[in-house]
Protein chains: 2
Amino acid sequence: MARSDVNAGPEDYPLTAAERVANELTEIILRDLAPGASIPSEADIASRFEVSRLTVREAVKMLVGRGLLHIGRGRRAVVREPDSSVFAALLVSIVRNDPKGLFDLIELRMAMESLSSGLAAKRASRAGVQAIDAAMRDMRASAAEAADGENPEAEARFHESDLQFHEAIAMASGNRVIAFIFEAMAKPLRESFVMSRRGQTLRGAGRVETVEAHQAILDAIRAGDQRAAVDAMRAHLKSTELDIRSHLASGVAAA
Amino acid sequence: MARSDVNAGPEDYPLTAAERVANELTEIILRDLAPGASIPSEADIASRFEVSRLTVREAVKMLVGRGLLHIGRGRRAVVREPDSSVFAALLVSIVRNDPKGLFDLIELRMAMESLSSGLAAKRASRAGVQAIDAAMRDMRASAAEAADGENPEAEARFHESDLQFHEAIAMASGNRVIAFIFEAMAKPLRESFVMSRRGQTLRGAGRVETVEAHQAILDAIRAGDQRAAVDAMRAHLKSTELDIRSHLASGVAAA
DNA sequence: CCATAGAACATATCAGATAGGTGTGAGGGG
DNA sequence: CCCCTCACACCTATCTGATATGTTCTATGG
């Protein structure tokens, strides 16, 4: 079996007690326990594995770090719905440690969003479309406020609703894996926005175009036109990418 | 800022000391420490944050779970290159808890691989192409052995080299995010293969076709023909998907 | 029948102690 | 003078035991 152990690493060495417990717990959780179920108490597990409660504690903490468990004080640890924040941290780590990491991310994002946009057109629920529409309205509102010059707060909201729009489409695709990954991607993307704001306003002149592009995508999804949705999304992302590229280039030059 | 805390969950409650330390450590690591660097000793961190060593220990364990640190006995914890195994566990959790999770995964995989195949054609290094070729050869060898009927071991190797082939392409794409995600995807895919083998031989008759399809992809990548690489990959995955679909359908019927 | 105060249980965190793995530097041999 | 070796200092692994605090269940009194 491929290494997927807690604390898997380059060196080979005997597993610590805590790691052993963590791995066995992981299997039990993935195999037998649905999200929402709670695991036995620390003392219970401790006696079952014949280790001290503290060792169990460390093992449980590892699984918390992995995003498999949630601990509330005074109650038993609960199995958690997979949470994208753990993956998000990993993505941030990749993006930060690689000069072209952000571009890699955007490159993949384009492919994923072309897909999710088409899928959303094919099978978005009414609620899904409404969520996209809501983001759309937020965007228009903040765009109007941000239009008249200096309004960093509205600009931030504009960007946020931009991300919301795309996230809503990912959700509406009905593909949980896509939704999960996209949600995680939002974190490094948000960060890059914060960084970029130090230099200048991102796409200051492009807000109207962005809103229009979004509208076109939403219309295609509403109409259930898969091909149009894919094309509209692709066009939108292509122009966005160019913006970011030129922006980051100037940003690097400024730094 | 969006919640990306260790142990972030539905409930709101004051962070425990360990969580606080974990979050602050995470920031320090992501901001200041490159992979390979080691963090201060537990005692050191404990005095700095004014908590007991045990609390630091728990915090560190959470980060180990997150895949950000690696602990070796007797030495300081080391910052780790992002490791896909953590994400892989999350994917397994998604796939297992959702009846159509595997299809979602395959759906996304198709989009990602069409992309990575094209990227590989555009910018694969010589070493990258060699890795793909190596998987190709493994595949031919095991296909030959598996051809004459009952040889489950060769069949397993065939499937493994199949995955290797695709993974090598993901690597050759030069996109670290794609490589990372694809590596993680392999785990649930491998699992589904193991499950499927219980019923019948997967694509027993399709091995020759698979090898040929792979060869076509490799040729396109070698030739640097981006469009051909994308098309070949897409065609290959499409037929694979149909196989898996019909296979799982019969598997479900049998169960 | 319902509300509420404890009792019972669970986690959070600390202190202190022992065991055993790692790395380093002093000193001896070549 | 360089290299090897071994003891010691440092570090993590794990345990025991104790206190604090939050949660859940239950029995009792209104």
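Structure values in brief
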item	result
7 Å along Cα→Cβ, label-point gaps from A:ASP98 to other copies, nm, shortest first	2.4
Threshold 20 Å² - residues in the stretch B:94-143 whose accessible area is reduced by that much or more when the chain is no longer isolated, probe 1.4 Å	B:ILE94, B:ARG96, B:ASN97, B:ASP98, B:LYS100, B:ASP104, B:GLU107, B:LEU108, B:ALA111, B:MET112, B:LEU115, B:ARG123
Chain B, relative contact order in percent, only Cα pairs under 8 angstrom and at least six apart counted	19
Label-point separation, A:ARG73 to B:GLU24 (7 Å along Cα→Cβ), nm	1.8
Radius 9 Å from Cβ of A:ALA220, net charge of other residues (Lys, Arg +1; Asp, Glu -1)	-1
Residue-wise HN-Hα coupling along the stretch A:29-34, computed from phi with Karplus coefficients 6.51, -1.76, 1.60 (Hz; x: Gly, Pro)	5, 5, 7, 10, 10, 7
Helix-derived mean residue ellipticity, 222 nm - over the protein assembly as shown, DSSP H n ≥ 4, -39500 (n - 2.57), to 500	-25000 deg cm²/dmol
Cut-off 14 Å between beta-carbons: net charge of the residues surrounding B:PRO40, Lys and Arg +1, Asp and Glu -1	+1
Fluctuation leader among A:LEU237, A:LEU30, A:LEU90 - chain A, Gaussian network, Cα springs under 10 angstrom	A:LEU30
Label 7 Å beyond Cα on the Cβ vector: B:ARG48 copy-to-copy distances, nm	3.7
Degrees separating the helix B:176-197 axis from the principal Cα axis of chain B, which is the longest one	60
Cα gyration tensor shape for the stretch A:85-254, rounded if a/c is under 1.5, else prolate or oblate	oblate
The protein assembly as shown - percent of accessible surface contributed by carbon and sulfur, probe 1.4 Å	53
Nearest 10 degrees, 0 to 90: helix B:207-223 Cα axis against chain B principal axis	70
Accessible area (Å², per residue) of the stretch B:85-254, counting only protein heavy atoms and a probe of 1.4 Å	43
Degrees separating the helix B:84-97 axis from the principal Cα axis of chain B, which is the longest one	70
Contour minus Cα-Cα distance for B:GLU212 and B:ALA156 (0.36 nm per residue)	18.3 nm
Members of the stretch B:173-190 that become less accessible by 10 Å² or more once partner protein chains are added (1.4 angstrom probe, chain alone as reference)	B:GLY174, B:ASN175, B:ARG176, B:VAL177, B:ILE178, B:PHE180, B:ILE181, B:LYS187, B:ARG190
Separation in nanometres of the label points that stand 7 Å from Cα toward Cβ, at B:ARG123 and B:SER41	4.4
Residue (of B:ILE45, B:ALA213, B:SER93) at the positive-pole extreme of chain B, dipole from beta-carbon charges	B:ILE45
Residues in the stretch A:76-97 that a label on A:ARG48 would reach, taking backbone N under 16 Å of a point 7 Å out along Cα→Cβ	A:76-80
Selection of GluC sites (Glu not before Pro), the stretch A:20-108, meeting DSSP coil and at most 14 other Cβ within 10 Å	A:GLU50
Copies compared at A:ALA235 - label distances in nm, ascending, label defined 7 Å from Cα in the Cβ direction	3.0
12 Å beta-carbon shell around B:SER161, net charge (K/R +1, D/E -1)	-3
Nearest residue to the symmetry axis between A and B, taken on chain A by its Cβ, in whole Å	A:GLY65, 1
Residue among B:ARG222, B:ARG234, B:ARG31 with the largest mean-square fluctuation in a Gaussian network model of chain B, springs linking Cα atoms under 10 Å	B:ARG31
Heavy-atom accessible surface that A and B bury in contact, both chains counted, 1.4 Å, Å² to 100	5600
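The values are calculated or read from the model by the stated rules, or taken from the named source; none is laboratory data. None of the values given here were measured: they were computed from a predicted structure. Counting neighbours? That spans all protein chains shown, and the Cβs are built from the backbone with ideal geometry, glycine included. Surface accessibility is based on the protein's heavy atoms, side chains included, excluding ligands, DNA and RNA. Shrake-Rupley method; radii C 1.70, N 1.55, O 1.52, S 1.80 Å.
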